[in-house]
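S.K.: Before anything else, here's the structure in question.
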Amino acid sequence: PGALDLSDLRPVPDNQEVLCHRVTDQSLIVELLELQAHVQGEEAARYHFEDVGGVQGARAVQVDSVQPLLLENLALRSCCQEAWVLSGKQQVAKENQQVAKDVTVHQALLRLPRYQTDLLLTFNDPPPDNRLSLGPANLSLPPWSLGDFEQLVTSLTLHDPNIFGPQ
């Protein structure tokens with residue numbers, strides 16, 4: 001609930017879906033990336049976290065935890081070889097702003113070697129902005145929670161494998 005498709009507002013790469021919360025600065029990103037076979041296990045999750053931080057121009061990145069995800073809990077378990085969830089912080093400034101904020105970042109990496117793809121799901125959870133939290137209108141759209149992100153990660157399904165090209 002409360003999701004706004006960012007592609008309605010600005011260009012988004014073809015390999016991404018980006019949803020923003022209508023009230024908070026939270027965002028959810030679903031990204032199809034080339035399989036990074038040179039990194040395995042926990043290091044693959046760390047690799048993508050640092051890569052995203054670099055792309056976003058993060059001034060600092062900090063990994064707080066990396067844990068394996070049980071494949072039996074995933075709707076995509078039939079094509080997922082391994083899965084990881086990482087939580088950390090990145091110090092980033094929004095577009096056209098100088099001040100960087102510590103943003104809590106949760107990422108789930110689902111490795112799909114059959115499709116030569118790393119599926120990366122990212123939940124950016126910046127600190128609350130006091131201006132946004134004021135007013136009764138905002139109470140109708142509560143911020144997204146880590147539980148909402150976990151539900152996205154575990155329930156995501158593949159409806160058409162052709163999205164990956166001819167197999």
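Values quoted throughout were computed directly from the atomic coordinates according to the rules given, and no laboratory measurement underlies them. Since this is a predicted model, take the numbers as computed values, not measurements. Methodologically, a virtual Cβ is constructed for each residue, glycine included, from the backbone with ideal geometry; neighbour enumeration extends over all protein chains shown.
S.K.: Here are a few candidate values for log10 I(q)/I(0) by the Debye sum over Cα atoms at q = 0.08, 0.10, 0.16 Å⁻¹: (i) -0.21, -0.33, -0.87; (ii) -0.25, -0.39, -0.99; (iii) -0.39, -0.57, -0.97. Which one was actually calculated from the structure I just gave you?
M.R.: For log10 I(q)/I(0) by the Debye sum over Cα atoms at q = 0.08, 0.10, 0.16 Å⁻¹, the calculated option is (ii).
S.K.: Compute a Gaussian network model of the chain, connecting alpha carbons closer than 10 Å, and tell me which residue from Val103, Val23, Val12 fluctuates the most.
M.R.: Maximum among the listed residues: Val12.
S.K.: By how many nm would the segment from Glu34 to Leu141 lengthen if fully extended, with 0.36 nm per residue of separation less the alpha-carbon distance?
M.R.: 35.0 nm
S.K.: Let me ask you something else. Multiply the residue separation of Leu70 and Leu152 by 0.36 nm, subtract the distance between their alpha-carbon atoms, and state the gained length in nm to one decimal.
M.R.: Values: separation 82, 0.36 × 82 = 29.52 nm, distance 1.48 nm.
Computed gain between Leu70 and Leu152 is 28.0 nm.
S.K.: Moving on. Determine ³J(HN,Hα), in whole Hz, for all residues of the range 19-27 in sequence, where each value follows from phi through the Karplus function 6.51 cos²θ - 1.76 cosθ + 1.60 and θ = phi - 60°; x replaces Gly and Pro.
M.R.: Along the range 19-27, the couplings run 10, 10, 5, 5, 10, 8, 8, 5, 9 Hz.
S.K.: How charged is the neighbourhood of Phe49? Take every other residue with its Cβ under 11 Å from the Cβ of Phe49, and add Lys/Arg as +1 and Asp/Glu as -1.
M.R.: Working: positive: Arg46, Lys89; negative: Glu42, Glu43, Glu50, Asp51, Asp64.
Here the count lands on -3.
S.K.: Further, regarding this structure: Could you work out the helix-only [θ] at 222 nm for the chain, with each DSSP H run of four or more residues adding -39,500 (n - 2.57) and the total divided by the number of residues, to the nearest 500 deg cm²/dmol? Present the calculation step by step, with values, prior to reporting the outcome.
M.R.: Details: 3 runs with 28 residues, N = 167.
After summing the helix terms and dividing by residue count, I get -5000 deg cm²/dmol.
S.K.: Taking Cα pairs under 8 Å and at least six residues apart, what relative contact order does the range 1-150 come out at, in percent? Intermediate results must be reported in sequence, preceding the final value.
M.R.: Numbers: 278 pairs, mean separation 36.8, N = 150.
It comes to 25 percent, rounded to a whole number.
S.K.: For the pair Gln91 and Glu17, how long in nm is the line joining their label points, each one 7 Å along Cα→Cβ?
M.R.: 3.5
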